[in-house]
Amino acid sequence: MKQWWQKMKYSMAKWMYGRYGNDELTWVLLITGTVLLLLGYIPYVGWIFSILALTIVFFSTFRGFSRNIPKRRRELDRYLRIKNKPKSAIQLHKNKKRDKNTHVYFKCPKCRAVLRVPKGKGDIIVTCPRCNERVDKNT
Ligand SMILES: [Zn+2]
């Protein structure tokens with residue numbers, strides 16, 4: 001029995017080789033799909049939730065077995081950016097408050113990235129780390 005289980009584990013690992021596997025987005029999609037599946041029991045309109053749930057669960061499973069790893073990583077990156085946006089806005093507000101006497105925050109005019117420079121340095125040229133735009137700033 002144990003040997004059979006070892007064989008199964010080995011063949012499963014071999015089959016999953018080169019495939020994407022599970023990540024945070026997969027679990028979020030599976031949980032969302034399960035919740036929608038339960039909403040499918042609502043009379044008359046439940047079928048809409050059921051179809052949506054099946055679509056989401058199918059997509060989640062497809063992501064796990066996909067071999068197109070760069071595309072799956074981009075999807076995860078997009079999801080994480082949306083998820084972390086409110087968190088990073090709150091963090092930026094806290095940092096601005098903490099550094100109000102020592103640093104100046106401003107946005108890069110080209111790519112809108114938030115830049116932080118020390119206060120009281122006079123006229124300085126700031127190079128944006130994201131787009132390499134050079135900004136003349138008076139601090
Ligand atoms: Zn920039």
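The values are calculated or read from the model by the stated rules, or taken from the named source; none is laboratory data. Every value quoted in this text rests on a predicted model; they were computed, and no experiment measured them. With ideal geometry, Cβ positions are generated from the backbone for all residues, glycine too; neighbour counts draw on all protein chains shown.
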Restricted to region 14-50, and to residues that are hydroxyl-bearing (Ser, Thr, Tyr) and assigned to a helix (DSSP H, G or I), which residue is surrounded by the most Cβ atoms within 10 Å (Cβ to Cβ)? THR26
Reported set for region 105-133 where residues are surrounded by 11 or more Cβ atoms within 10 Å (Cβ to Cβ), part of a strand (DSSP E or B) and within 16 Å of the ligand (Cβ to nearest atom) is TYR105, PHE106, LYS107, VAL114, LEU115, ARG116, VAL117, ILE124, VAL126, THR127
Output for Cβ contacts, cut-off 8 Å, separation at least six or different chains, first residue under 13 Å from TYR79 (Cβ atoms) in region 4-29, second among the β-branched types (Val, Ile, Thr) and in a helix (DSSP H, G or I), reads LEU29/ILE56; LEU29/VAL57
Please work out if ILE56 is away from the ligand (no atom under 16 Å from the Cβ), modelled with pLDDT of 95 or more and part of a helix (DSSP H, G or I). yes
Matching residues in region 126-139 - criterion: being over 33 Å from the mean Cα position of the chain (by Cα) and among the β-branched types (Val, Ile, Thr): THR139
Which members of region 62-94 meet the condition of being surrounded by 13 or more Cβ atoms within 10 Å (Cβ to Cβ) and acidic (Asp, Glu)? GLU75
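Condition check ((1) free of Cβ contacts under 8 Å to residues at least 12 places away in the same chain; (2) not hydrophobic (A, V, I, L, M, F, W, C)) across all residues:
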residue: LYS87; (1), (2): yes, yes
residue: ILE90; (1), (2): yes, no
residue: ARG98; (1), (2): yes, yes
residue: ARG112; (1), (2): yes, yes
residue: ARG116; (1), (2): no, yes
residue: ILE124; (1), (2): no, no
residue: ARG134; (1), (2): yes, yes
Suppose we filter region 95-104 for residues that are surrounded by fewer than 10 Cβ atoms within 10 Å (Cβ to Cβ) and part of a helix (DSSP H, G or I); how many remain? 1
